[in-house]
Amino acid sequence: MSLPPGFLDELKTRASLSQVVGRKVSWDARKSNQGKGDMWSPCPFHQEKTASFHVDDRKGFYYCFGCHAKGDLFSFVQETENVSFIEAVKILAREAGMQMPARDPKAQEKADRRTELSRVMEEAVKHYRLQLKTAAAGPARDYLAGRGLDEAALERWHIGFAPDQRQGVFQHLTGKGIDAGLVIDAGLCAKPDDGGAPYDRFRGRIIFPIRDARGRAIALGGRAMDPNARAKYLNSPETELFDKGRSLFNFGPAREASGKDQPLIVAEGYMDVIALSEAGFQATVAPLGTAVTEDQLQLLWRIHDEPIIALDGDKAGLRAAMRVIDLALPLLEAGKSLRFCIMPEGLDPDDLIRAEGAGAMQRQLEASVPLVQLLWRRETEGKNFDSPERKAALDRALREAIRKVRDPSLRRHYGDEVNRLRRTLFDGQRPARQGQGGFRPRGQQFGRFAPPATPMVETKASALAAAGAPFEEQLKEAVILATLVRHPQLVPDFIADLERLETSQSEHEAVRAALVQTEGGDRSEIERLCGAETLEKLFQPRHVRISPGVQEDATAAVAAMSVAEELAKLSARRGARREIEDAMRDLEGLVDEGLTWRLGQAAEALNKAGRSDDEDTAEYDIGPNGARMKRDEKSAFDELIGRIMSDKGKGGAA
């Protein structure tokens, strides 16, 4: 329904967002300022005790700092009442005493046409339901009974039967005075190319009515009784009523059930939906003969933040799940994702429920995994990563997948989770190093004594521990961010580096996020997002103020070179620090004074890594964890680590 210009604006002025929200929440009297329209409460969209849900009545927007829900007057009514946009407008207009605008003639004509076609579809549904009671439908009734559907279930789902007749429904409907053109336009019959008489599309099939969100019949699905039929399942063609890529089987009832806190389940077909619903999982839908589409995902997210994709445990089901991953990644938002419930091999939800009951299905749903875990499974299952090349190929595949996530914050969290899984995988592949010249189990005797089970106090207090302090890294972060704030036109060139940049302070993270979000916006926009006080703190350190790229007269070329150089130094420093931290973890319990001294020397070398501001940036080599380091620093660092590792093999001798 199209609305005239100005209608929504007028509605917003009459309806107060805080009043509408106030019906669902209890305001926090200490944080809220009603006079300024600045209201706070616990979030109505997720369980919490603190008041992190903010309503700005003057601007007409709400935002939750916990679950990141955000929107305006209309989206709040949509989410809390589980209704469409137009339905939300109608609710608010009624409360505000505003008359909904009349439809324009063309829109009314189109609506009348859809109503007429829907009436034809309902007549067809009635006809097919009667046919299911005839003798010809005996095998169909037996099949349905074998799937656990009794008479009451057949009535609830309006299931019918189309006899194997060329003009069964056509003659029935036209015999009731319905125009033949309407029967064809509704998708019930087709006209042959040779101009002959129309013929029924559905013959010898069990019929499942497909309804829209309002419960109107818009299409049919048919399951063939003949095992040799060309298509086991057949849907209505695209019509004025039916767009299969934008429709879902059982959408209306599922939306209502989801609004009562049931999990939203996406199954593969009609029988799975019916079996799940009959078993108590009423918030279940299915796509209609196609893989899940972008429009269907948006429909799902309108009624639930995290639908569960329940797919058969066979190869086809897994392939379908992998297709959904690629479709969903660019559409994900904070609080809007998917979970996946993969059935046991060879079973679908209907099979599982009939074999083991609803409890077994509930356990499968509770074991559903987030999208990121299925992505990881796709890229790693059945593969061997015993070489640097194979590991690098995995890294590339994962980077390409994560790059599809558009939301910068969400993309960063995906990267963190994938890195965690990657470390777990590769650490698990490290061979146990025991015996001559290798690591020994903790507590095993070395000559006359057993090494301590934990690092010595001296080691914890050594320069190595001090090297973990991120002060140098904080300064480099500040220089990078301050230079880009001063030269925001360079941000697009460094956007990938910014997205990966690990910040050590909340102020730095706020600036980084603002730079990524604006992607080269002006200084005022960056300041609006992260705050003037945050920027003031960023530019306070003298080391930042004297940086070449931050100077008032610095050119874009100088600034770009400064950012690139600081990024390289920061990467080298962090890579080296992590390498030493890994070595120290391996050395737990194998430390004496000599080794403590060597670790201190390694830490001192680390402190020098990337410290000089006048080094030749062309003299870089690949350092720990892929970081760039000066070649002489890399050589010295490798030598120190080599000596440390040698000491480990000798039982910690100095």
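The values are calculated or read from the model by the stated rules, or taken from the named source; none is laboratory data. Since we're looking at a predicted model, the values are computed, not measured. Glycine gets a Cβ as well: all are built from the backbone with ideal geometry, and neighbour counts include every protein chain shown.
Evaluated against (1) under 16 Å from Asp272 (Cβ atoms); (2) assigned to a loop (DSSP other than H, G, I, E, B), Phe385 falls short on exactly one condition, (1).
So if I check each of Glu48, Glu81, which one is over 19 Å from Ser16 (Cβ atoms), charged (D, E, K, R) and at pLDDT below 90? Step through it out loud before you land on a result.
Values: Glu81 fails: over 19 Å from Ser16 (Cβ atoms).
Going through Glu48, Glu81 in turn, just one is over 19 Å from Ser16 (Cβ atoms), charged (D, E, K, R) and at pLDDT below 90: Glu48.
Taking the stretch 81-195 as the region of interest, the helices (runs of 4 or more DSSP H) fully inside it that hold 2 or more residues being surrounded by 17 or more Cβ atoms within 10 Å (Cβ to Cβ) and touching a residue at least 60 places away in the same chain (Cβ under 8 Å) are 85-96, 105-131, 138-146, 180-185. Could you run through the stretch 216-261 and say how many residues are under 32 Å from the mean Cα position of the chain (by Cα), more than 30 Å from Asp112 (Cβ to Cβ) and at pLDDT 90 or above? Total meeting the criteria: 1.
Does Val491 satisfy being surrounded by 15 or more Cβ atoms within 10 Å (Cβ to Cβ), of a type in the set (A, V, I, L, M, F, W, C) and either within 20 Å of Thr555 (Cβ to Cβ) or at pLDDT 85 or above (or both)?
Details: surrounded by 15 or more Cβ atoms within 10 Å (Cβ to Cβ): yes; of a type in the set (A, V, I, L, M, F, W, C): yes; either within 20 Å of Thr555 (Cβ to Cβ) or at pLDDT 85 or above (or both): yes.
For Val491, the condition - surrounded by 15 or more Cβ atoms within 10 Å (Cβ to Cβ), of a type in the set (A, V, I, L, M, F, W, C) and either within 20 Å of Thr555 (Cβ to Cβ) or at pLDDT 85 or above (or both) - is met.
Could you check the stretch 532-560 and list, in sequence order, the residues that are among the hydrophobic types (A, V, I, L, M, F, W, C) and either over 23 Å from Arg500 (Cβ atoms) or without any contact (Cβ under 8 Å) to a residue 24 or more places away in the chain (or both)?
Listed by number, the residues that qualify are Ala532, Phe539, Ile546, Ala554, Ala557, Val558.
The residue that is surrounded by the most Cβ atoms within 10 Å (Cβ to Cβ), among those in the stretch 505-531 that are under 20 Å from Ala559 (Cβ atoms) and free of Cβ contacts under 8 Å to residues at least 24 places away in the same chain, is Cys530.
Applying a threshold of 6 Å to beta carbon distances and a minimum spacing of six or more residues, or different chains, the list of pairs starting in the stretch 226-246 at a residue that is of a type in the set (Ser, Thr, Tyr) and ending at one that is assigned to a loop (DSSP other than H, G, I, E, B) reads Ser236/Gly187; Ser236/Phe242; Thr239/Gly187. The one condition from (1) in a loop (DSSP other than H, G, I, E, B); (2) without any contact (Cβ under 8 Å) to a residue 60 or more places away in the chain that Glu502 does not meet is (2). Could you tell me how many of the residues in the stretch 321-348 are in contact with a strand residue (DSSP E or B) (Cβ under 9 Å, 6 or more places away or on another chain) and farther than 26 Å from Cys67 by Cβ? Result for the stretch 321-348: 3. For the stretch 261-329, the helices (runs of 4 or more DSSP H) that sit wholly inside it and include 2 or more residues that are of a type in the set (S, T, N, Q) are 294-303. Checked against the criteria, Glu345 does not count as of a type in the set (Asp, Glu), part of a helix (DSSP H, G or I), surrounded by fewer than 16 Cβ atoms within 10 Å (Cβ to Cβ) and free of Cβ contacts under 8 Å to residues at least 60 places away in the same chain.
Got at least one residue in the stretch 48-66 being at positive phi and either touching a Pro at 6+ places or on another chain (Cβ under 8 Å) or in a strand (DSSP E or B) (or both)?
Start the filter on the stretch 48-66 by keeping residues that are at positive phi, which leaves 60.
From what is left, the residues that are either touching a Pro at 6+ places or on another chain (Cβ under 8 Å) or in a strand (DSSP E or B) (or both) are none.
No, there is no match, as no residue in the stretch 48-66 is at positive phi and either touching a Pro at 6+ places or on another chain (Cβ under 8 Å) or in a strand (DSSP E or B) (or both).
Across the stretch 4-37, the qualifying residues are those that are assigned to a loop (DSSP other than H, G, I, E, B), at pLDDT 85 or above and among the hydroxyl-bearing types (Ser, Thr, Tyr), and the one among them that is surrounded by the fewest Cβ atoms within 10 Å (Cβ to Cβ) is Ser26.
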